[in-house]
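The values are calculated or read from the model by the stated rules, or taken from the named source; none is laboratory data. Since the structure is predicted, the reported quantities are computational estimates derived from the model, not experimental observations. Here the Cβ positions follow ideal geometry from the backbone for every residue, glycine too, while neighbour counts run over all protein chains shown. For the accessible areas, the whole protein counts, side chains as well, though only heavy atoms, and no ligand, DNA or RNA atoms are used. Shrake-Rupley method; radii C 1.70, N 1.55, O 1.52, S 1.80 Å.
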Amino acid sequence: MLKDITLGQYFPIDSPLHRMDPRTKILSLILLIVAIFLANNPWAYVLAAAFTLLVVALSKVPVSMYFRGLKPIWFVIIFTALLNIFFTPGTKIYLFGYRTPMTWEGLILAGKMALRLVLLIISSSALTYTTSPILLTDGIEKLLKPLAKLGLPTFELAMMMSIAIRFIPTLIEETDKIMKAQKARGADFESGSVLHRVKALAPMLVPLFISAFRRADELAVAMESRCYQGGEHRTRLNEIRFHLIDAFAGLLMLAFFAAVIILRIIL
Amino acid sequence: MSNMIKTEHLRYAYQIGTQEKVKFVLDDIDLSISPGEFVAVLGHNGCGKSTLAKHFNALLLPAGGTVYVGGMDTKDEAHYWEFRKNVGMVFQNPDNQIVATVVEEDVAFAPENLGVPSDEIRKRVDEALKTVDMYELRRHAPHLLSGGQKQRVAIAGAIAMEPKCIVFDEPTAMLDPKGRKEVIDTIVKLKEEKHMTVVLITHYMEEAVRADRVVVMDKGKVLRNDVPRNVFSDVKFMKSLGLDVPQVTELCYRLAKDGINIRSDVMTVAECVDELIKLL
Ligand SMILES: Nc1ncnc2c1ncn2[C@@H]1O[C@H](COP(=O)(O)OP(=O)(O)OP(=O)(O)O)[C@@H](O)[C@H]1O
Ligand SMILES: [Mg+2]
């Protein structure tokens, strides 16, 4: 179950999307998300879906990866859809002889919301699959640069973020190991009351925390041994740069955004 | 500058200033390591090996005595980064020393910190990865690699700093036999092909045998400092410290004890085979 979490996993291949400046990708994603939420008519939805598919194609990441990214949230999508179908007021329809009424408006709303969520996850996955965490955090750091003048420790924040991402798989693996070890000794995480299950987590979280602190300690020593001295004078292996492809992508993105707005106004 | 690393009357304690008697983790250590030398450090758990290692790149500063790295006193703050840069370190747990999610980005960490220009970093990273034979996997995620591969990435990370010396603190302790061999072969290669100074802290005697010199520590003191053959042939002494000797040395030692006429300073399987054939 824990292995299903793919968000934040970089897929190291070469594609136009991989070659783009992380800043372009981050800003485009923000714009895309806003557009998805501004969309309010079928044509805008079709356009947003088509644009997202184009991004998926350009990323050259196998479509199955995107499905795996969706896996952990299917439940949320289906649950919200059901809520919408049955609890939205409007024209009642009775399908297959069920007594509980669905509403026409509810069905439409459910479809919209599900599509929005799916597009949201797919487009964010496209960013994390095609951008290594270091470049991603570099991009965020550069975008936040203006705030550094106000005293925000942008470099440190970016560093913390990339280390957190780096340790996600390590800690997941460790959780798995501890869980198995405790199960082997008779711990039961899967049955009993909620209170019982929460209590059962303690023998898992304590070792996890202790080991995380030990790791942090060792990592700090290892980083110091490699001349880590904060953000000043630091250079990069892959210095992020704005290329021609970013200009194209940016223009395309703006055109798409404008189209969604225009559709909103005229329809 | 004839010594790469030299310690004079080095003392260190983690807790100083308590009313009771100070417990020195390192007690009056005199040691010198020449450029290009491969020194193995042996000793029981908690005898102070890691503490000693951390003095070699100024992660710790002596409480008494002096440590010279490249002829300079590590207390001299003006050369702080030079100590770090000249003496690389590789630790036991590869997971806790890899900072990035792509192999080549991790290897680039040290030169990035040193402010090396991008194209020069690229050159160093490629070369370091080729040295440890990980160039093909440069775009991989470290957490998907085997233990031996991760540890070689960590070694590449140290090499990319272009140090004169690398200190390995039990680099093979968490690895399977295959990973252990990969790592040790890489270490020997660094010494022989790149002429790097190597300090190897280990619990595996078969690894120590490949060193030019073996330092045996106990309770913060250096008890032996000699070529491997002289150290390991004294099986009784090693046993008295709770340390092992290579299996073949042990075998010949026991045979000799049972009255069989065999050399007791055998260190490698090949030597052992030769000796046994002579007996037949
Ligand atoms: N940060 C610390 N604070 C206090 N005491 C410490 C600290 N680190 C180590 N010690 C103590 O110092 C002594 C020497 O520790 P050190 O880690 O140098 O031993 P070691 O020879 O490397 O052992 P091992 O083979 O287990 O790695 C031990 O008794 C240990 O408990
Ligand atoms: Mg140690």
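Descriptive notes on the structure:
- Scanning region A:241-267 for residues that are of a type in the set (Lys, Arg) and surrounded by 11 or more Cβ atoms within 10 Å (Cβ to Cβ) yields a total of 1.
- Qualifying residues in region B:28-54 (those that are more than 13 Å from the chain's Cα centre (by Cα) and surrounded by 19 or more Cβ atoms within 10 Å (Cβ to Cβ)) - the one farthest from ligand 1 (Cβ to nearest atom): B:Leu31
- Single unsatisfied condition, B:Ile166 versus (1) closer than 17 Å to B:Lys194 by Cα; (2) at the interface with chain A (Cβ under 7 Å from one of its Cβ atoms); (3) not polar (S, T, N, Q): (2)
- Checking each residue in region B:39-73 for being part of a loop (DSSP other than H, G, I, E, B), away from every other protein chain (no Cβ under 14 Å) and either more than 16 Å from ligand 2 (Cβ to nearest atom) or of a type in the set (A, V, I, L, M, F, W, C) (or both) picks out B:Cys47, B:Pro62, B:Ala63, B:Gly70, B:Gly71.
- In region A:176-222, the residues that are in contact with a helix residue (DSSP H, G or I) (Cβ under 9 Å, 6 or more places away or on another chain) and closer than 21 Å to B:Val99 by Cβ: A:Leu208, A:Ser211, A:Ala212, A:Arg214, A:Arg215, A:Ala216, A:Asp217, A:Glu218, A:Leu219, A:Val221, A:Ala222
Okay, residues lined up against (1) free of Cβ contacts under 8 Å to residues at least 12 places away in the same chain; (2) open to solvent by less than 50 Å² (accessible area, probe 1.4 Å); (3) over 30 Å from B:Gly88 (Cβ atoms):
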position	(1), (2), (3)
A:Ile178	no, yes, yes
A:Gly186	yes, no, yes
A:Lys199	yes, no, yes
A:Met204	no, yes, yes
A:Leu208	no, yes, yes
A:Glu218	yes, no, no
A:Gly231	no, yes, no
A:Leu237	yes, yes, no
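- Every residue from region B:185-221 that is closer than 23 Å to B:Asn86 by Cβ, among the β-branched types (Val, Ile, Thr), more than 16 Å from ligand 2 (Cβ to nearest atom) and buried (at least 19 other Cβ atoms within 10 Å of the Cβ): B:Thr186, B:Ile187, B:Thr197, B:Val198
- Selection count, region A:213-237, where residues are among the β-branched types (Val, Ile, Thr) and more than 29 Å from the chain's Cα centre (by Cα): 1
- Taking the criterion of being β-branched (Val, Ile, Thr) and within 16 Å of ligand 1 (Cβ to nearest atom), the only residue of region B:82-103 that qualifies is B:Val90.
- Only residues that are surrounded by 19 or more Cβ atoms within 10 Å (Cβ to Cβ) and in a helix (DSSP H, G or I) were counted across region A:126-152, and they come to 13.
- Looking only at residues of region B:146-184 that are of a type outside the set (A, V, I, L, M) and within 16 Å of ligand 2 (Cβ to nearest atom), we find that the one that is nearest to the chain's Cα centre (by Cα) is B:Phe168.
- If you go through region B:95-133 and pick out every residue that is under 21 Å from B:Leu200 (Cα atoms) and more than 10 Å from every other protein chain (Cβ to nearest Cβ), you end up with 5.
- Of all residues in region A:25-61, those being open to solvent by 20 Å² or more (accessible area, probe 1.4 Å) and not in a helix (DSSP H, G or I) number 2.
- Sole exception among (1) in contact with a Gly (Cβ under 8 Å, 6 or more places away or on another chain); (2) under 30 Å from B:Asn93 (Cβ atoms) for A:Asn84, by number: (2)
- In the condition set (1) within 14 Å of another protein chain (Cβ to nearest Cβ); (2) open to solvent by 50 Å² or more (accessible area, probe 1.4 Å), A:His18 is compliant with all but (2).
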